[in-house]
1. Solvent-accessible area per residue for the stretch 1-78 at a 1.4 Å probe radius, Å²?
2. Okay, helix-only estimate at 222 nm for the chain: each DSSP H run of n ≥ 4 adds -39500 (n - 2.57), divide by all residues, round to 500 deg cm²/dmol; what do you get?
3. Which percent of the accessible heavy-atom area of the chain goes to carbon and sulfur, probe 1.4 angstrom?
4. May I ask for log10 I(q)/I(0) of the chain at q = 0.16, 0.22, 0.23, 0.26 Å⁻¹, from a Debye sum over the Cα atoms as equal point scatterers with solvent left out?
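The values are calculated or read from the model by the stated rules, or taken from the named source; none is laboratory data. Values in this document were obtained by computation on a predicted structure and should not be read as measured data. Heads up: the accessible areas ignore ligands, DNA and RNA and are worked out on the full protein's heavy atoms, side chains in. Shrake-Rupley method; radii C 1.70, N 1.55, O 1.52, S 1.80 Å.
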Amino acid sequence: MKYRLLIWILWPSFLVAGMAEGLLFTVIYPQDLLFFGYHPEISDEGIYTIGFFVIWTFCAVSSALTAYILPGIESPDDKPD
């Protein structure tokens, strides 16, 4: 059940992160970004990768919180005797 719950959290957040990154970097060009007033010395692909993982993390936390507050998600092993 733990692996199934992990997939329920990570797969939707992966799909949403992919769409969000596509929308974000359609509007923003990576070389136009400033971090604390400085241009990062990272390639465009590196910025895309970091952006994807940051967005995926936020989406996964959101999905995990949703799964946490859902009633009735218990493993079959947790049946009362």
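1. 80 Å²
2. Dividing the helical sum by the residues of the chain leaves -23000 deg cm²/dmol.
3. Ligands and nucleic acids excluded, carbon and sulfur reach 69 percent.
4. Log10 of I(q)/I(0), two decimals: -0.70, -1.00, -1.05, -1.19.
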